[in-house]
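Below is one structure, written out as structure tokens; comments come after it.
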Amino acid sequence: EYLTNEEQEIEKEIKALDVDSSEVSSRLFKYLSSDILKTNKLKYAKNGQDFQFGYKLDDVPQGNQRELTVHFITPETRYSDSEIAAQSMGRDELRVLLGRDKRLLADLRLLLKTAKYTKQRLNSGTTASMQAILQAKQVLNADREKELIERIRQAVGKAQLLINAAEITSSSQDAVARVTDGFQELVSRTYTNLGLLGGKVYPEQQVSGAVQNDPGLFSAGNLSVLASPGAEMQSWITSQTGLGEQVTVKKIVDRFESKPYGWDLGSIEVVLGWLVGNGKVALSVASNPIARTEAATLIRNTGKQQHTVVAPQKAY
């Protein structure tokens with residue numbers, strides 16, 4: 001009742017405006033990924049390795065998808081808590097339940113409607129008084145956006161975390177720390193063979209040391225730490241070769257980067273270098289055997305990995 005007729009008319013027109021649900025989702029995704037979490041990878045505390053993840057909102061993928069997923073369930077989900085838990089079974093994802101405050105997305109819609117309306121009207125030529133009202137609306141909308149991001153941040157900080165129908169506890173109220181806590185559990189449950197590397201991440205600079213069997217390059221003091229992951233990789237190479245498959249360095253990388261391993265590129269290359277150095281496997285390119293002196297450079301060359309063939313060393 002304190003609004004002028006002109007202001008009342010604008011209010012009605014804003015509320016009557018249509019906003020597509022995909023616009024709402026993409027804006028919420030932007031807030032979560034760019035303003036709150038600000039990343040698409042998180043560190044696994046046990047070995048310091050970064051793991052990339054994809055985002056989902058209410059079962060809809062947002063942006064690039066990865067093997068691991070952080071799945072936000074919004075207040076407008078049509079499922080009950082027990083249904084949300086049941087649907088998380090058997091998936092490599094951390095579900096983050098943002099509560100049941102329906103006003104959160106209602107206010108986000110109003111934000112988008114106001115932005116759309118003021119932009120359209122200011123571009124179409126208006127009276128001076130109308131222009132003043134629209135500009136005031138834009139200023140208010142900018143404040144509304146800041147407040148909304150803060151509310152979403154708090155919702156993430158209090159969110160229930162679920163993996164495989166089990167609730168994950170976190171004492172943190174900070175949005176990033178809470179999601180990171182849940183992510184630790186997601187990594188350890190998904191990559192059950194990550195521990196074969198003994199809690200270490202090997203930089204690719206150590207490939208040549210592994211090929212040359214140089215114990216001085218390894219902080220552990222000897223190369224025996226690579227025996228366990230090496231045996232795992234050798235076993236896979238042997239089984240694939242036995243099935244008539246041609247194993248390339250690229251295929252090895254793809255296999256051991258994915259579950260149940262989750263090894264990083266440097267560690268995969270170092271383990272392969274150890275196999276070469278111990279005479280367990282031999283490398284070749286276009287059927288030409290590769291000398292051990294050239295092996296490290298070839299293993300590290302990502303452009304040549306798909307052409308470098310790895311085969312079990314023949315016993316003579």
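The values are calculated or read from the model by the stated rules, or taken from the named source; none is laboratory data. No experiment lies behind these values; they were computed from the predicted model shown. So basically every Cβ, Gly included, is an ideal-geometry build from the backbone, and we count neighbours across all protein chains shown. Calculation scope for accessible area: heavy atoms of the full protein, side chains included, ligands and nucleic acids excluded. Shrake-Rupley method; radii C 1.70, N 1.55, O 1.52, S 1.80 Å.
If contacts are Cα pairs under 8 angstrom and at least 6 residues apart, what is the relative contact order of the chain in percent?
Relative contact order, the chain: 15 percent.
How about residue 43: which aspartates and glutamates have a C-alpha closer than 14 Å to its C-alpha, ignoring those fewer than 8 places off in the same chain?
181, 185, 264
(1) 1.38; (2) 1.29; (3) 1.09: which one is Cα Rg over 2.2 N^0.38 Å as calculated from this entry?
The value matching this structure is (1).
Lys/Arg Cβ at +1, Asp/Glu Cβ at -1, dipole of region 84-202 taken about the Cα centre: which of 110, 179, 168 is farthest positive-ward?
110
Select from region 86-192 those trypsin sites (Lys or Arg not before Pro) which occupy a DSSP coil region and have at most 10 other Cβ atoms within 10 Å, ordered by residue number.
Numbers: sites: 91, 95, 100, 102, 103, 109, 113, 116, 119, 121, 137, 144, 146, 151, 153, 158, 178, 189; in loops: 91, 100, 102.
Here no trypsin sites (Lys or Arg not before Pro) fit, given the DSSP loop and packing criteria.
Rolling a 1.4 Å sphere over the protein heavy atoms, what is the accessible area per residue of the chain, to the nearest Å²? All intermediate terms of the calculation are to be shown ahead of the outcome.
Numbers: 16220 Å² over 316 residues.
Accessible surface, normalised per residue, equals 51 Å².
Classify region 1-79: rounded, prolate or oblate, from the alpha-carbon gyration tensor (a ≥ b ≥ c, eigenvalue square roots; a/c under 1.5 rounded; otherwise prolate if a/b is larger than b/c)?
It is prolate, given that a/c is not under 1.5 and a/b is the larger ratio.
Got a number for carbon plus sulfur as a percent of the chain's accessible area, 1.4 Å probe?
Of all accessible area on the chain, carbon and sulfur atoms account for 49 percent.
List the aspartates and glutamates whose Cα lies under 14 Å from the Cα of residue 280, skipping any in the same chain that are fewer than 8 positions away.
232
Nearest 10 degrees, 0 to 90: what angle lies between the long axis of helix 21-30 and the longest principal axis of the chain (Cα atoms)?
On a 0 to 90 degree scale, this one is about 60.
Rounded, prolate or oblate: which fits region 61-118, taking a ≥ b ≥ c as square roots of the Cα gyration tensor eigenvalues, rounded meaning a/c under 1.5, else prolate when a/b beats b/c?
Oblate is the answer for region 61-118, as a/c is 1.5 or above yet b/c matches or exceeds a/b.
Let me spell out the model: positive unit charges on the Cβ of Lys and Arg, negative unit charges on the Cβ of Asp and Glu, origin at the Cα centre of the chain. What dipole size does that give, in debye rounded to 20?
So the magnitude is around 600 debye.
So what's the back-of-envelope 222 nm ellipticity for the chain, counting only DSSP H runs of four-plus at -39500 (n - 2.57) apiece and dividing by all residues, rounded to 500?
-15000 deg cm²/dmol
Pick out which of 37, 194, 17 has the largest mean-square fluctuation in a Gaussian network model of the chain, springs linking Cα atoms closer than 10 Å.
Result: 17 has the largest fluctuation of those listed.
Once you order the gyration tensor axes a ≥ b ≥ c over the Cα atoms, which shape class does region 159-218 get: rounded for a/c under 1.5, otherwise prolate or oblate by comparing a/b with b/c?
prolate
With the dipole of the chain worked out from charges on the C-beta (+1 for Lys and Arg, -1 for Asp and Glu) around the Cα centre, which of 80, 39, 252 lies farthest toward the positive end?
Value: 252.
Which pairs break 18 Å Cα to Cα here: 251/304; 46/200; 30/137; 41/158; 15/116; 38/146?
Over 18 Å apart, Cα to Cα: 30/137; 41/158.
In whole angstrom, how far apart do the alpha carbon centroids of region 297-315 and region 95-123 sit?
Value for the Cα centre distance between the two parts: 53 Å.
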